[in-house]
Amino acid sequence: MAAGIDDIALYIPNLYLEASDFAEARGLDPAKLQRGLGVEQMAIVDTNQDPACLAANACLNLMQKNKLSPEKIGRLYVATESAFDESKAMNSYVIGMLEQVYGNESFGHCGGIECKFACVSGSYALYDNTNWIRAGEAEGQNAIVVVSDIAKYDLGSSGEVTQGAGAIAMLLNDNPRLLAFDPKVTSTSIKNEYDFYRPFGKETPIVHGQYSNLLYLIQVKNALADYKEKILKTGLVTLKDDETILDHIDYLNMHLPYSNMGKKALAYLVRHEWRSLPRWKDIIAEIGMEEPVPKDPRGTIESVLADAEFMAKDHEFTKLFTKTEKYAEVYESKLASSLIASKMVGNLYTASLYLGFRSSLEFEYQKGVDLNGKRIGFGSYGSGASAMVFSGLVQSEYEEVVKDMNLEAEIGVRTKLTLEEYEELHENKRNTENNIHSAKKEFILTDVKTSPESRGERYYEYIE
Ligand code: CAA
């Protein structure tokens, strides 16, 4: 049975911080943000928004756009790494908000849980719900997977330039208009790591930035190796000599904590895949230098990062590699369109990969590309650490959905924050009522109880 993504909706907060203003305030070269990291604007949440109301707003957009009533939804999963309760799942708050619009207990039949594994949990949620449909358990109902996060780092930390906020809701069913997932190819890797984590009670993560970058690349590469074996075994793809699995993936969407991480990941994976192919000789000749190897090729991530000579040479090699004609063609055709939205919005943690997917569909369609039958690959990564690689085929009815995509219109009119406003919001110095954006046709957070018997209870309202 086919199963996959029928439609996709988003909710991005209207407030944003301009990268150049941020760079000036932190004494950074704006080029580091814009060219080095690929960050132009970062969406920032208002005082009356939290990850649950971002998620509920994305779900409402999805349901209204598809004229779906609650009885058509059998599962509603929320994937997030911005949880605010150790026990109560975020989907219960989301259901509570949706019932303000659709009626009390209108979702009473619906199941679902909150999923956690840093930024990869949305992909696990998609996989599990796809299998619920494939198993015939859905009996004609749809599942909604909503990925929602606020990417928030300490003021003045190196991660502060990679913030953002937003939610993406995806509708899954057995007759998807957008993308049907390839069966029996989904591949994972997992390892106990401390590259990025957020201990109980801490609002911002503890991050080992360069370590996390390299771990991401290694974990995705490991999952890709498994994916390659699986997809060859299914017979969905056969490889000729001098072909790599990447030649059979028309578009690649990578987890995007910042847009240039997608570029880094593509270059790393392509290098890895091409290294053993005849075409590599021509690449090396064009670059004019041999591919560097670390002093200890079987060493740890720490030993590789500490090998300054290798790191510098590898950086130089990567830069030259990405300028080769063959690689530039792969980058332009498979990845570039997926990075556009990330530059405008910033890091959405769990939702970043799916914002990239949406961006790729919208901007490739605008170029006039016929997307029917194209294979889309996903490289999902969550710190801590796990990666998931999977793929799907764009379906013939995709145009019905993609023709109406308009990122700018869907985000709406945006309000640029001053640095002072941003820092006040970041440090939670404004109370819930002291909001900046005037909400309209959306859910907002109205109260968080503080008394001992009801501490942590959260209340939301739909604003007409
Ligand atoms: N002009 C142009 N480019 C410049 C520049 C300038 N003046 N100054 C620096 N750059 C370039 C650098 O050359 C570098 O490019 P390459 O990657 O091509 O080498 C880029 O800008 C970034 O520079 P640095 O590596 O020196 O930046 P940094 O050390 O300050 O930190 C970071 C970058 C590690 C991503 C940091 O922002 C961070 O810790 N972010 C949070 C963690 C993170 O996002 N990790 C990603 C993988 S883990 C994950 O994905 C999970 C998740 O969602 C968090």
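For segment 435-447, a tally of residues being of a type in the set (D, E, K, R), farther than 21 Å from Gly103 by Cβ and outside any strand (DSSP E or B) returns 1.
When Ala125 is tested against the conditions (1) of a type in the set (A, V, I, L, M); (2) closer than 25 Å to Thr188 by Cα; (3) outside any helix (DSSP H, G or I), the lone failure is (3). Screening segment 384-423 for residues that are outside any strand (DSSP E or B) and β-branched (Val, Ile, Thr) and picking the one that is nearest to the chain's Cα centre (by Cα) gives Ile411. Counting only residues that are surrounded by 19 or more Cβ atoms within 10 Å (Cβ to Cβ) and in a helix (DSSP H, G or I), segment 248-259 holds 1 of them. When you check Ala167 against the structure, is it within 16 Å of the ligand (Cβ to nearest atom), touching a helix residue (DSSP H, G or I) at 6+ places or on another chain (Cβ under 9 Å) and either farther than 16 Å from Asn347 by Cα or among the hydrophobic types (A, V, I, L, M, F, W, C) (or both), yes or no? Taking the combined requirement at face value, the residue satisfies it. Looking across segment 113-166, the residues that are under 22 Å from Asp6 (Cα atoms) and β-branched (Val, Ile, Thr) come down to Ile113, Val120, Thr130, Ile133, Ile144, Val145, Val146, Val147.
Could you give every pair whose Cβ atoms fall below 7 Å, whose first residue belongs to segment 261-274 and is of a type outside the set (Phe, Trp, Tyr), and whose second residue is more than 10 Å from the ligand (Cβ to nearest atom) and not in a helix (DSSP H, G or I), counting only separations of at least 6 or pairs across chains? As it stands, the answer is Ala265/Gly379; Leu266/Leu252; Glu273/Thr244, since those pairs meet every condition given.
Just one of the listed residues (Thr432, Thr450) is surrounded by 15 or more Cβ atoms within 10 Å (Cβ to Cβ) and assigned to a loop (DSSP other than H, G, I, E, B), and it is Thr432. Among residues of segment 93-122 being assigned to a helix (DSSP H, G or I) and free of Cβ contacts under 8 Å to residues at least 60 places away in the same chain, the one that is nearest to the ligand (Cβ to nearest atom) is Val94.
Residues in segment 435-454 that are touching a residue at least 40 places away in the same chain (Cβ under 8 Å), under 14 Å from Tyr93 (Cα atoms) and β-branched (Val, Ile, Thr): Ile444, Thr446.
Checking each residue of segment 404-427 against the condition of being at negative phi and within 16 Å of the ligand (Cβ to nearest atom) gives at least one match. Here the helices (runs of 4 or more DSSP H) wholly within segment 306-383 that include at least 1 residues being crowded, with 18+ Cβ neighbours inside 10 Å, in contact (Cβ under 8 Å) with a residue 12 or more places away in the chain and in contact with a strand residue (DSSP E or B) (Cβ under 6 Å, 6 or more places away or on another chain) are 340-345, 352-366. For segment 20-44, taking the residues that are surrounded by 23 or more Cβ atoms within 10 Å (Cβ to Cβ) and over 24 Å from Lys319 (Cα atoms), the one that is farthest from the ligand (Cβ to nearest atom) is identified as Ile44.
Selection of first residues in segment 189-209 that are in contact (Cβ under 8 Å) with a residue 24 or more places away in the chain and away from the ligand (no atom under 13 Å from the Cβ) and of second residues that are of a type in the set (Lys, Arg) and assigned to a loop (DSSP other than H, G, I, E, B), restricted to Cβ pairs under 7 Å at least 6 apart or on distinct chains, gives the following pairs, ordered by first then second residue: Glu203/Lys152.
If a residue must be out of contact with any Cys (no Cβ under 7 Å at 6 or more places or on another chain) and either under 17 Å from Val146 (Cα atoms) or among the β-branched types (Val, Ile, Thr) (or both), how many such residues does segment 82-94 contain?
Total meeting the criteria: 9.
For beta carbons closer than 6 Å, sequence separation of 6+ or different chains, a first residue in segment 147-168 that is farther than 15 Å from Phe84 by Cα and a second that is small (Gly, Ala, Ser) and surrounded by fewer than 23 Cβ atoms within 10 Å (Cβ to Cβ), the qualifying pairs are Tyr153/Gly159; Ser158/Gly209.
Taking the criterion of being surrounded by 15 or more Cβ atoms within 10 Å (Cβ to Cβ), charged (D, E, K, R) and outside any helix (DSSP H, G or I), the only residue of segment 59-75 that qualifies is Arg75. Contact annotation: residue pairs with Cβ atoms under 6 Å, 6 or more positions apart or on different chains, pairing a residue in segment 34-58 that is under 12 Å from Leu348 (Cβ atoms) with a partner that is of a type in the set (Val, Ile, Thr) and more than 16 Å from the ligand (Cβ to nearest atom), are Ala43/Ile12; Ala55/Val78; Ala55/Val94; Ala55/Val146; Ala58/Val146.
Counting only residues that are polar (S, T, N, Q) and under 21 Å from the mean Cα position of the chain (by Cα), which one in segment 250-309 is nearest to Gly346 (Cα to Cα)?
The selected residue is Ser259.
Would segment 261-280 turn up any residue that is assigned to a loop (DSSP other than H, G, I, E, B), within 16 Å of the ligand (Cβ to nearest atom), within 30 Å of Gln34 (Cβ to Cβ) and modelled with pLDDT of 95 or more?
no
The values are calculated or read from the model by the stated rules, or taken from the named source; none is laboratory data. From a predicted model like this one, the values you see are computed outputs, not experimental measurements. Here the Cβ is made from the backbone with ideal geometry for all residues, glycine too, and neighbour counts use every protein chain on show.
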